[in-house]
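The values are calculated or read from the model by the stated rules, or taken from the named source; none is laboratory data. None of these values were measured; they are calculated from a predicted model. With ideal geometry, Cβ positions are generated from the backbone for all residues, glycine too; neighbour counts draw on all protein chains shown.
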There are 2 protein chains.
Amino acid sequence: MTNQFSTIAPDATRPIGVFDSGIGGLTVVAELRRKLPHERILYVGDTARVPYGGKSAETVIRYSREISNLLISEEAKMIVVACNTASALAVPTVSREYSVPVLGVLEPGASAAVRATRSGHVGVIGTKATIGSEAYAHAIRSFNPELRVSSVACPLLVPLIEEGLFQDEITEAVLRRYLEPLLRQGVDTLVLGCTHYPLLKPAISKICGPGIVLVDSAENCALFVESLLMEPTAPKKEDPRLDILLTDPSEGFLRIAEKSLRLRIDSLKIRHIGK
Amino acid sequence: MTNQFSTIAPDATRPIGVFDSGIGGLTVVAELRRKLPHERILYVGDTARVPYGGKSAETVIRYSREISNLLISEEAKMIVVACNTASALAVPTVSREYSVPVLGVLEPGASAAVRATRSGHVGVIGTKATIGSEAYAHAIRSFNPELRVSSVACPLLVPLIEEGLFQDEITEAVLRRYLEPLLRQGVDTLVLGCTHYPLLKPAISKICGPGIVLVDSAENCALFVESLLMEPTAPKKEDPRLDILLTDPSEGFLRIAEKSLRLRIDSLKIRHIGK
């Protein structure tokens, strides 16, 4: 993948800024923790305005700019847009407005899908806004114009995940409805084009079977972040902090962070954005 | 029901202001059109921040105040909070801040349920925030402290409705999971405590059977509005306007307004609220 950013010097005092509309971006945080265990992370979840997946580009750009301003005021050394909708709709605009790198989950996922496919037919699932933007299809074809891309918007998955219904017959029925048309078309690689979706990986694997490679945009995004850091922050005595700012108190947030993703959170504060 | 408001003199030039987080409040508009066919209506749908049902009281109060200010600046003669979540969390605070009546859907629904029940056991379904507030249970018991109230939060129904899946086996499976425990407990009256839910009335009736009275908060709210108007606006040559302001463009909005609720919309504009 072309790396449009210069690499970043180590600076343990400044956090990596990460944001999402809600809890989905925590899957990216979990991967960052695994690959870069000594980096401080500041996460913003825009729970007062979640979800982004059905909203317009103009609104998602405005929200992404407001959160990026907040992360910059907290001295973030880079901004990871851990939300596919904002990556598709806002990163192309917002990334030009800051002196630190602003990177999304979309290109790393697209690049991994291009490397994974053997049949040349890639499936993509995501929110309405992500799929409607055709950003994955464009990114995949920019790497290899020969590939065929089939996409399906899956608007019910985020609500099911926010309810914690990771293994449930209703979730399975919804997944079957979204995935079976893609499987019939013969895709051999499926991009989980929403940072919420890795939480459904076992349920998705069960439907897809072993013949389909699942591309996890969270994991590939963390690999990309790793490649940008000139050298990882050196280990210190104490573990690096994970601080969370939410725009509205969220009941399910801590439960999913701690139980499903085994993240240790050092602080969780409510911060209003907008008015 | 105690009427805490003085009645309102006819004023055809000023609209009735109505708001909801999204499309749900249109069910109230449809009932207002039926009962008060000559009133101008100005509707605000806060589609940039939809849904409200999982958000905190503080945030829902802030959003309700911002929208009420907008309606007042457009000369609304009364404000109908056509959203159960905002009615439960925000109306008690916000209604004290304006010189025009601000009324919610909650008390009219509670009052109708009290009149309908024979067994003395009322069921209520709504969003997490509405059910968590226990506002229906309090309102029902304020009319009759002897009644038993059983409530279930149904967080997946609004996403299914926003997808237009009114008659669908997935919707039916989700409804069965929410409703069967209530039915087993022996409720004879079910309050549809969310203005989205009347769109699922046929599916809910099918599961509940003819023995259960469904209380539609939209219909009862419209009856209450009617009782507040000293006399309805006189008929004029042209039909009265229905103007819509949305905070974000919404793909499904016009489809549901026109096809499912047969509303004629005179104008639809996008208006940002907040920053």
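Tabulated results
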| read-out | value |
| --- | --- |
| Only listed residue being within 14 Å of chain A (Cβ to nearest Cβ) and touching a helix residue (DSSP H, G or I) at 6+ places or on another chain (Cβ under 8 Å), chosen from B:L26, B:L103, B:L89 | B:L89 |
| Any pair with Cβ under 8 angstrom, 6 or more apart, that starts in segment A:153-168 at a residue that is more than 8 Å from every other protein chain (Cβ to nearest Cβ) and ends at one that is part of a helix (DSSP H, G or I) and of a type in the set (F, W, Y) | A:C154/A:Y178; A:L157/A:Y178; A:L157/A:Y197; A:I161/A:Y197 |
| Members of segment B:202-220 that are at pLDDT 95 or above, part of a helix (DSSP H, G or I) and of a type outside the set (V, I, T) | B:P202, B:A203, B:S205, B:K206, B:C208 |
| Every residue from segment A:29-59 that is away from chain B (no Cβ under 11 Å) and of a type in the set (A, V, I, L, M, F, W, C) | A:V29, A:A30, A:L32, A:L36, A:I41, A:L42, A:V44 |
| Test: residue in segment B:133-143 that is in a loop (DSSP other than H, G, I, E, B), within 14 Å of chain A (Cβ to nearest Cβ), crowded, with 19+ Cβ neighbours inside 10 Å and within 17 Å of the chain's Cα centre (by Cα) | no |
| Single condition B:S73 does not satisfy, out of (1) within 18 Å of the chain's Cα centre (by Cα); (2) modelled with pLDDT of 95 or more; (3) outside the structural domain of B:G193 (by TED's automatic domain parsing); (4) among the small types (G, A, S) | (1) |
| From the options B:E172, B:E162, residue that is among the acidic types (D, E), over 23 Å from B:T7 (Cα atoms) and under 19 Å from the mean Cα position of the chain (by Cα) | B:E162 |
| Any hit, segment B:60-77, residues being closer than 21 Å to B:E134 by Cβ and either of a type in the set (V, I, T) or away from chain A (no Cβ under 14 Å) (or both) | yes |
| Of all residues in segment B:235-261 being away from chain A (no Cβ under 14 Å), in a loop (DSSP other than H, G, I, E, B) and of a type outside the set (D, E, K, R), the one that is farthest from the chain's Cα centre (by Cα) | B:P235 |
| Residue that is nearest to the other protein chains (Cβ to nearest Cβ) [pool: residues in segment B:262-271 that are touching a residue at least 24 places away in the same chain (Cβ under 8 Å) and in contact with a helix residue (DSSP H, G or I) (Cβ under 9 Å, 6 or more places away or on another chain)] | B:I270 |
| From the options B:E231, B:E238, B:E226, residue that is without any contact (Cβ under 8 Å) to a residue 40 or more places away in the chain and more than 20 Å from B:V122 (Cα to Cα) | B:E238 |
| Residue list for segment A:249-270, restricted to those being surrounded by 14 or more Cβ atoms within 10 Å (Cβ to Cβ), of a type outside the set (A, V, I, L, M, F, W, C) and out of contact with any Phe, Trp or Tyr (no Cβ under 9 Å at 6 or more places or on another chain) | A:P249, A:S250, A:G252 |
